[in-house]
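Worksheet: one structure, shown below.
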Amino acid sequence: MKSDSSRPADSAGKSPILKSGPLTALRTGADIAVQALIDQGVDTMFGYPGGVVLPFFDKLYDAPIRFIIPRHEQGGAHMADGYARASGKVGVIVATSGPGACNLVTGLGTAMMDSIPIVAITGQVRTDLIGNDAFQEADTTGITRPVTKYNCIVKDVKDLARVIKEAFFIASTGRPGPVVVDLPVDVQVAKTSYDPKVEMRLPGYRLKTKGHSRQISMAAEAINKSEKPVLYVGGGVVIANAGEELRALAKKAHLPVTMTLLGLGSYDQNEPESLDMLGMHGTAYANYAVHECDLLIAVGARFDDRVTGKLKTFAANAKVIHIDIDPASIAKNVRADIPVVGDAKYILTELVNQVEYRERKEWFAKIAQWKKKYPMGYDRKSTNIKPQYVIEQVCELTGGDAIITTGVGQHQMWTSQFYKFKRPRQFITSGGLGTMGFGLPSAIGAQIAMPDATVVDIDGDHSFNMTLTELRTAVQYELPIKVCIMNNGYMGMVRQWQELFYNKRYSKSYLANPDYSKVAEALGAVGITVEKKADVPKAIKKMLTEKMPCVVDFHVEPEENVWPMVPSGKSLHEMDGLDLLESMA
Amino acid sequence: MKHIISALVENKPGVLAHVSGMFAARAFNIDSLVVGRTEDPQLSRMTIVVVGDDRVLEQVRKQLAKIIPVVKVQDFAGQAVVARDLMLITFAAPAEKRPEILALIETFKGNVVDIGQKTIMVEISGPEEKIEAFIEMCRPYGIKNVARTGTIAMPRQEKTAGGQQETTNED
Ligand SMILES: Cc1ncc(C[n+]2csc(CCOP(=O)(O)OP(=O)(O)O)c2C)c(N)n1
Ligand SMILES: [Mg+2]
């Protein structure tokens, strides 16, 4: 029997075509599904088997597809997500009916909120049993509808090839998102001929890629006139692969750039135009600049409440240009004076052609003052291990080049504040849904997509705890991922809110942790514990040389807080913690 | 303000759930939602009456259009449309009051579709206000049962406008 474990090169060099007969030859649904995936360019998949997907899994036995089995379907979905975010390709996950499909929900929701292309194939009970509460039956299309861009059940094998083609097209175009294809077991064994050229039938799916040319010239004109502009960029720029175009625009027109959590990496933070992240835990200089700007150029961003703070006062004196591929994002939260619907790459290219350089001396001087007065900082003199220090060290020792993933909480915010990202697809984090447990499996997916990259999951102790079983997956496939746990013992972000808004009543936000380095070792990974500040660089260096998955458990300052902070419902310029930043400047 | 939204959708399972689920998830208020077949077996038409301000309605239209099996979305606000509701209503009709009741039905251009010892069932169609007015008129007799279809609507051709009672969905 073939072993599933670590066969990284098993597909190399083989023809990506399964044994296929002439077009008219009858093939099973399972065979067609696998062939259709291969024809979509799929060479890597994640998934977990079960009763009603066995025909499909049987076809995978000798298919030229690298297959990664997670320990839990949620982990698999996050892996497919991390794979998609790192590579720009569609992530593919397969699960069985009922419990398998239900376990995908968090992963689908995470991908949905952050517009990540995933195709999930779920097994389903026989079509004649559907609706009868059959064993392991769940209404998968019903359950996943709100967390997918599209989903459908295939009840006739003749529709299968077309539906799979449509699934990939829908997942990866426009504003991307997850798509579920529910595949009853009898459809997997029914036979029909396979036509790879089958036409899609999507009368309701129209894509607008080119922005309206008049809107674009109006936007260019507004940029050229503006004295105090700010570019506000989100994940859409990363998704559109428009990093180069963004850079060209900011350089040519001379514009400061701030990024959302998901936008980080779209503009090199080492460049002088970068204002780093804005919003609830954004930099003071980004938030002040947005508050005072006369023109806000939003690109692929959706004015999320964590970004805008109080909507009424958000960029209140600014004209707003909103560039987005999703018309529904425009004017949802904030009025747009110049909406431009289309692909960011196309629109930015057009804008670059039409904008002029402008010095904006006063504006940049003001920004420089804010940067000088309120730089990001923390108590560097502390003898305890400050989590910010660890992250700065990780950044330095990886040359700022690593792919970074995170869980959700304080460590996620510190990572966004203290790792300086250089390029798109370098930062992988659950922004919209805020899914704890995303860090480790998404790192696995990213490492599979980018085998030569250094991939570091900067995780929270409790986020890590949610999906740490996937460490064994990383061991099985010999993935050299790194995990840096910012172990503060607390659900730190919850504790911070309780400290600030609930009178320090730390209600249920503490969990007794296991010894994570021992857990790592038990799972076959390398484990390191760091309790002294002086040991931090050494441990990171050792971690970076490991060929096997490596977990470093940093015992950090337990009650450190994330600053600055715009309390919920406050305006962006009403940040707390500025005196602290000022004192550390 | 009430808007009549007309959406042409693919005639596939799950589309109604998708549309109604979206309305619920985004906390939009539906007054009525009607689905019916069209001349094209591949397409159905949904007529949805929604209450909200302009900003809400803009989101409603965009979020509807975003649903993949939704092919086309029209908002009839500000347009001349014919909007109709169909109702079946059963109410008490004692023998001594039947003449006045039949006169009332006549005035509203309703049809008596069933008649019993004590009650009468009437079919009546028209703009929503007419239906509501009829319900009010029936109330004193004692209403037993009401079933309404909800609004369906179609824009008028400019040239042939007139004749019938004009209804825009502002009223
Ligand atoms: C799945 C899930 N459950 C609950 C939450 C709510 N939540 C947000 S941050 C947080 C604490 C995270 O703790 P930890 O991973 O240790 O990170 P820290 O804040 O301490 O850095 C919690 C419980 C969440 N985001 N995701
Ligand atoms: Mg913690």
All-pairs alpha carbon distance profile, segment A:479-571, 5 Å steps from 0, percent
3, 12, 19, 18, 15, 12, 10, 7, 3, 1
Please state the charge dipole magnitude for chain B, taken about the Cα centre, from unit charges on C-beta atoms (+1 on K and R, -1 on D and E), reported in debye and rounded to the nearest 20.
480
Ranking of A:363, A:370, A:414 by count of other Cβ atoms within 10 Å, fewest first
A:370, A:363, A:414
Can you divide the C-alpha Rg of chain B by 2.2 N^0.38 Å and report the result to two decimal places?
1.19
Computed [θ] at 222 nm, helices only, for chain A once each DSSP H run of length n ≥ 4 contributes -39500 (n - 2.57):
-10500 deg cm²/dmol
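Taking every DSSP beta bridge that has both residues in segment A:387-563, what percent is antiparallel when rounded to the nearest 5? Write down the numbers at each step before the final one.
Working: 1 of 23 bridges.
Within segment A:387-563, antiparallel bridges account for around 5 percent of the total.
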Cα long-axis angle, helix B:128-138 against chain B (0 to 90 degrees, to the nearest 10):
30
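Would you please report the Å³ per residue occupied by the convex hull of the alpha carbon atoms in segment A:427-532?
Each residue corresponds to 120 Å³ of Cα convex hull volume.
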Run the quick spin-label model on residue B:29 and residue A:531: label points 7 Å from Cα toward the beta carbon, then report their separation in nm to one decimal.
6.2
Return, ordered by residue number, the residues of segment A:274-307 whose backbone nitrogen is under 16 Å from a label point located 7 Å along Cα→Cβ of residue A:365.
none
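Can you work out D for segment A:387-563 in µm² s⁻¹ from Stokes-Einstein, where Rh is the Kirkwood radius over C-alpha pairs, the temperature is 37 °C and the viscosity is 0.692 mPa s?
Values: Rh = 15.9 Å.
Answer, rounded: 207 µm²/s.
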Cα long-axis angle, helix B:15-25 against chain B (0 to 90 degrees, to the nearest 10):
90
On each of the three principal axes the extent of the alpha-carbon atoms of segment A:58-171, given in whole Å and largest first, is 41, 31, 28
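Per the Cauchy relation, a quarter of the hull surface: what is the mean projected area of the convex hull of the alpha carbons in segment A:213-373, in nm²?
On the way: hull surface 31.6 nm².
Directional mean of the projected Cα hull area for segment A:213-373 stands at 7.9 nm².
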Mind pulling the angle between the C-alpha long axis of helix B:98-107 and the longest principal axis of chain B? Nearest 10 degrees, somewhere in 0 to 90.
40
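Quick check: residue separation of residue A:130 and residue A:497 times 0.36 nm, minus the Cα distance between them. What number comes out in nm? Kindly include the intermediate steps, with their values, before the conclusion.
Working: separation 367, 0.36 × 367 = 132.12 nm, distance 4.58 nm.
Result: 127.5 nm gained on full extension.
Where does chain B land at 222 nm, in deg cm²/dmol rounded to the nearest 500, when only DSSP H runs of n ≥ 4 count, each adding -39500 (n - 2.57), divided by all residues? Mind showing how you got there, number by number?
Values: 4 runs with 45 residues, N = 171.
Result for chain B, helices only: -8000 deg cm²/dmol.
Rounded to the nearest 20 debye, what is the charge dipole size of the protein assembly as shown about its Cα centre when +1 sits on each Lys and Arg Cβ and -1 on each Asp and Glu Cβ? Write down the numbers at each step before the final one.
Details: 87 positive and 87 negative charges, 156 e Å.
Here the size comes out at about 740 debye.
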Ranking A:490, A:205 by Cβ neighbours within 10 Å, fewest first, what do you get?
A:205, A:490
Can you compute log10 of I(q)/I(0) for segment B:1-50 with the Debye formula, treating each Cα as one identical point scatterer, at q = 0.13, 0.21, 0.28 Å⁻¹?
-0.30, -0.73, -1.11
Selection from A:76, A:141, A:129 lying farthest towards where the dipole of segment A:9-193 points positive, charges on Cβ:
A:76
At residue A:218 and residue B:53, where each label point lies 7 Å from the Cα along Cα→Cβ, what is the point-to-point distance in nanometres?
2.2
Which aspartates and glutamates, if any, have their Cα less than 15 Å from the Cα of residue A:538, not counting same-chain residues under 8 positions apart?
A:392, A:396, A:546, A:553
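If I take R0 = 45 Å and measure r between the Cβ atoms of residue A:579 and residue A:401 in this structure, what FRET efficiency does the formula 1/(1 + (r/R0)^6) give, to the nearest 0.05? Can you show the working numbers first?
Values: r = 34 Å, r/R0 = 0.77.
Calculated transfer efficiency: 0.85.
Mind giving me the FRET efficiency for residue A:379 and residue A:311? R0 is 35 Å, r the Cβ-Cβ distance, nearest 0.05 is fine. Don't jump to the answer; show the numbers that get you there.
Numbers: r = 34 Å, r/R0 = 0.97.
Between residue A:379 and residue A:311 the formula returns 0.55.
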Using Cα positions and a limit of under 30 Å, work out the lysines in reach of residue A:59, with same-chain residues fewer than 8 apart set aside.
A:2, A:14, A:19, A:89, A:149, A:155, A:158, A:165, A:191, A:197, B:12
Cβ density ranking, 10 Å radius, fewest first, applied to A:362, B:10, A:470, A:478 yields A:362, A:478, B:10, A:470
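Report the local net charge at residue A:436: Lys and Arg +1, Asp and Glu -1, summed over other residues whose C-beta lies under 13 Å from its C-beta.
-3
For the protein assembly as shown, how big is the tail of P(r) above 50 Å, as a whole percent of Cα pairs? Could the numbers behind the result be given before it?
Working: 68790 of 285390 pairs.
Pairs farther apart than 50 Å: 24 percent.
Just so you know, all these numbers are worked out from the coordinates, no wet-lab data involved. None of the values given here were measured: they were computed from a predicted structure. Neighbour counts are summed over all protein chains in view; Cβ atoms, including those assigned to glycine, are modelled from backbone coordinates with ideal geometry.
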